[in-house]
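Beneath this line is the structure, given in C-alpha cells, with notes to follow.
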Amino acid sequence: MRKSQHAFKDRVILKLFWLATIGLLFRFIPKDKIRHGILAFLYKQIVTWVFGLLVVEKGLIKYPVRFFSKANKSSFSFEYFIYPSMCAIFNMNYPENKNRLMKFFYIIFHSGILTFGRFL
C-alpha cells in the first residue's frame, strides 16, 4: 500500500473515532450530570496537554497521521478529545456501589478500549 493510501485510511479511521466518541458522549453522559462530565473532560485535557506533549517530545510515542500536524507532534484527536471524553464517560458511569470484582472489570474494559483505539 502506498504512503498516501495509508494516510488516507488512517484519516478515515480518525474521523470514525471522532464520530464514535461523539455518539458515546451523547449515549453515556446522563443529562443531569452534564456539568460533571464537562468538568472531568476539561480536567483531563489539562493533564494530557502537559504529559502528552512531554511523551511525544521525548520520542516515547509517535503519531504518524494527525490533524494539525504543523502545530505540534501530539495527536489532537486522542490527547484533546477522545481520551478526555472516555475519561468523562468513565467517571460518570463508574460503578461506585458495586463489588470490587465489578469495579475491576469496569477498569479493565475501559483501559482495553483505550489501548485498542490507540493501537489502531
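The values are calculated or read from the model by the stated rules, or taken from the named source; none is laboratory data. This one's a predicted model, so the numbers in the text were calculated from it and none came from an experiment. Neighbour counts are summed over all protein chains in view; Cβ atoms, including those assigned to glycine, are modelled from backbone coordinates with ideal geometry. Ligands, DNA and RNA are excluded from the accessible area calculation, which covers all protein heavy atoms including side chains. Shrake-Rupley method; radii C 1.70, N 1.55, O 1.52, S 1.80 Å.
Yes/no matrix, rows are residues, columns are (1) among the polar types (S, T, N, Q); (2) open to solvent by less than 20 Å² (accessible area, probe 1.4 Å); (3) in contact with a Phe, Trp or Tyr (Cβ under 7 Å, 6 or more places away or on another chain):
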position	(1), (2), (3)
SER77	yes, yes, yes
ALA88	no, yes, yes
PHE104	no, no, no
ILE108	no, no, no
GLY112	no, no, no
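Within the range 51-88, being modelled with pLDDT of 85 or more and charged (D, E, K, R) holds for GLU57, LYS58, GLU79. Beta carbons closer than 6 Å, at least 6 apart along the sequence or on distinct chains, pair a first residue in the range 31-44 that is more than 12 Å from PHE90 (Cα to Cα) with a second that is surrounded by 15 or more Cβ atoms within 10 Å (Cβ to Cβ) and of a type outside the set (Val, Ile, Thr) for LYS33/MET92.
Note on the range 48-75: among residues that are under 24 Å from PHE26 (Cβ atoms) and not hydrophobic (A, V, I, L, M, F, W, C), the one that is surrounded by the fewest Cβ atoms within 10 Å (Cβ to Cβ) is THR48. So, of the residues in the range 25-47 that are of a type in the set (D, E, K, R) and open to solvent by 100 Å² or more (accessible area, probe 1.4 Å), which turns out to be nearest to PHE119 (Cα to Cα)? Applying the filter and picking the extreme gives ARG27. Mind listing whichever residues of the range 45-87 are among the β-branched types (Val, Ile, Thr), touching a helix residue (DSSP H, G or I) at 6+ places or on another chain (Cβ under 6 Å) and either without any contact (Cβ under 8 Å) to a residue 40 or more places away in the chain or assigned to a loop (DSSP other than H, G, I, E, B) (or both)? Across the range 45-87, the qualifying residues are THR48, ILE61, VAL65. The set of residues from the range 56-95 being out of contact with any Gly (no Cβ under 7 Å at 6 or more places or on another chain) and among the hydroxyl-bearing types (Ser, Thr, Tyr) comprises TYR63, SER69, SER75, SER77, TYR80, TYR83, SER85, TYR94.
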